[in-house]
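As structure tokens, the structure follows; a few thoughts come after it.
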Amino acid sequence: MSIFLIGDLHLNHTNIIKYCKRPFKSIGEMNRTLVERWNSTVVGQDTVYFLGDLCFGDPQPWLDTLNGDIRFIRGNHDKELCKVRQLRETYVLEHNLESLMLVHAVEYLKGPWNGWIIHGHHHNNQPKEFPLVNRAKKTMNVSAEILNYYPIELDELLGKR
């Protein structure tokens, strides 16, 4: 079993295509591609830490479709998801003797954190400040656009530091 991370799918969100210059012609194409890429990567009981903003509208069809044991961190667009799942604001993931802070947006952290922070929220809109890996700030951005819309395996991500 593997551990994966991704955030900001924004399934059924028409405006995200334009906002983030996603390479899809319609929300139908976007939704199909995101689900296909997720399910081609995540198999069986792989664990996925999803760092917020799953979908607009009813989340249940997506929860029934996406592979893996999904653990949710609350995003700013997860109002409907909060009705069917309990969401954490932050989560400290212990991995290979290291503590990693998982949060939707770095700005949501309350208090200092000296280790690495894995987040979403910033999509591909501020690539200098929020690239995949920002060594100076010890942050890793796992927004879907940054990952070419595939969940990334945790050890692969950590290896990019």
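Annotations
- Highlighted here are the helices (runs of 4 or more DSSP H) found entirely within segment 1-110 that include at least 1 residues which are within 17 Å of Ile152 (Cα to Cα) and not aromatic (Phe, Trp, Tyr): 27-41.
- None of Ile70, Ile6, Ile17 is over 21 Å from Val106 (Cβ atoms), under 12 Å from the mean Cα position of the chain (by Cα) and aliphatic (A, V, I, L, M) except Ile70.
- Segment 47-58 - residue that is within 15 Å of the chain's Cα centre (by Cα) and of a type outside the set (A, V, I, L, M, F, W, C) and, of those, nearest to Ile6 (Cα to Cα): Tyr49
- Checked against (1) modelled with pLDDT of 95 or more; (2) surrounded by fewer than 21 Cβ atoms within 10 Å (Cβ to Cβ); (3) not acidic (Asp, Glu), Cys82 passes all but condition (1).
- Flag not set for Val43, criterion: farther than 15 Å from Leu147 by Cα, at pLDDT below 95, hydrophobic (A, V, I, L, M, F, W, C) and surrounded by fewer than 14 Cβ atoms within 10 Å (Cβ to Cβ).
The values are calculated or read from the model by the stated rules, or taken from the named source; none is laboratory data. As the structure is a prediction and not an experimental result, all values here were calculated from the model. Cβ coordinates were reconstructed from backbone atoms using ideal geometry, including for glycine residues, and neighbour counts include every protein chain displayed.
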